[in-house]
Amino acid sequence: MKKYSTASFAATFALIFSFIFSSCVKDSCQRTYAYTIYNPVYETRAGVKANIKNNIAKEVQNPGKLYIFGNYIFLNEIDKGIHIIDNSNPASPKNVAFIDIPGNSDLAVKGNILYADLYADLVTIDITDPLNVVVKKYNERIFPYRDYGNNFSGDSTKVLVDWIKKDTTVTVNCGGSQWWKEDKSIYFMANARVGNSGGGTRNISD
């Protein structure tokens, strides 16, 4: 009887110790994740329309489609607008102006008229004089509304013109959620592959 009681006590003690130890390990286990936060920057629709003109030239950073018009090249800067490049000397092209068109990803030219998307809207621009372009028409909601992904919903009363990027880290307990959300922002893991439509994401890896 004594032998059985001792063995039973030892087994019970071991079980309790194991439970306490595992609880301590679980509570103290933490993981740190690196994230990139993108906070949207907005402009009024009137302000955006007024700025669709020849502005100061900008550095080409994320080029898209292009169109050659005489001695000029109209080059899309994805989601930003269109570069105007003087190519009269192909050996030394000059970036002479920039047309600010937020959300622009495509362009087409017919005659002296350039057509460009501004998110869901269509802008029609007279480029007879590339150094003095003139907006001829502005049609709203010609294209499907752009989906940013990550459950982000933009301010429908304004136009998204840029993103402010910030890198940060978050520490969470093991087994806890590694995602957190805040209104009007998009969060990506550092190793996420980011898409080309207004900060949308594709194939976020764990």
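The values are calculated or read from the model by the stated rules, or taken from the named source; none is laboratory data. These numbers come from a predicted model, not from an experiment. Quick reminder, even Gly has a Cβ in these numbers, built from the backbone with ideal geometry, and neighbours come from all protein chains shown.
Do the conditions hold for Lys58, that is, is it touching a His at 6+ places or on another chain (Cβ under 8 Å), outside the structural domain of Thr157 (by TED's automatic domain parsing) and surrounded by 13 or more Cβ atoms within 10 Å (Cβ to Cβ)?
Details: touching a His at 6+ places or on another chain (Cβ under 8 Å): yes; outside the structural domain of Thr157 (by TED's automatic domain parsing): yes; surrounded by 13 or more Cβ atoms within 10 Å (Cβ to Cβ): yes.
Yes, satisfied.
Output the residues belonging to the stretch 119-128 that are modelled with pLDDT under 95 and either in contact with a Cys (Cβ under 6 Å, 6 or more places away or on another chain) or in a strand (DSSP E or B) (or both). Before you say what the answer is, go through the steps one by one.
Filtering the stretch 119-128 for residues modelled with pLDDT under 95 gives 119-121.
Hit for the stretch 119-128 is Asp121, nothing else.
Tell me which residues, restricted to the stretch 61-111, are buried (at least 19 other Cβ atoms within 10 Å of the Cβ), among the small types (Gly, Ala, Ser) and part of a loop (DSSP other than H, G, I, E, B).
Gly103, Ser105
So how many residues does the stretch 154-175 have that are surrounded by 11 or more Cβ atoms within 10 Å (Cβ to Cβ) and among the β-branched types (Val, Ile, Thr)?
5
Count, please, the residues in the stretch 31-57 that happen to be under 21 Å from Tyr115 (Cβ atoms) and hydrophobic (A, V, I, L, M, F, W, C).
First, pick out the residues of the stretch 31-57 that are under 21 Å from Tyr115 (Cβ atoms): 45, 48-55.
From what's left, hydrophobic (A, V, I, L, M, F, W, C): 48, 50, 52.
Residues meeting the conditions: 3.
What single numbered condition from (1) touching a residue at least 24 places away in the same chain (Cβ under 8 Å); (2) over 23 Å from Glu140 (Cβ atoms) fails to hold for Ile85?
(1)
Quick check on my filter: what residues within the stretch 58-101 are under 20 Å from Leu118 (Cβ atoms) and aliphatic (A, V, I, L, M)?
Val60, Leu66, Leu75, Ile78, Ile82, Ile84, Ala97, Ile99, Ile101, listed by residue number.
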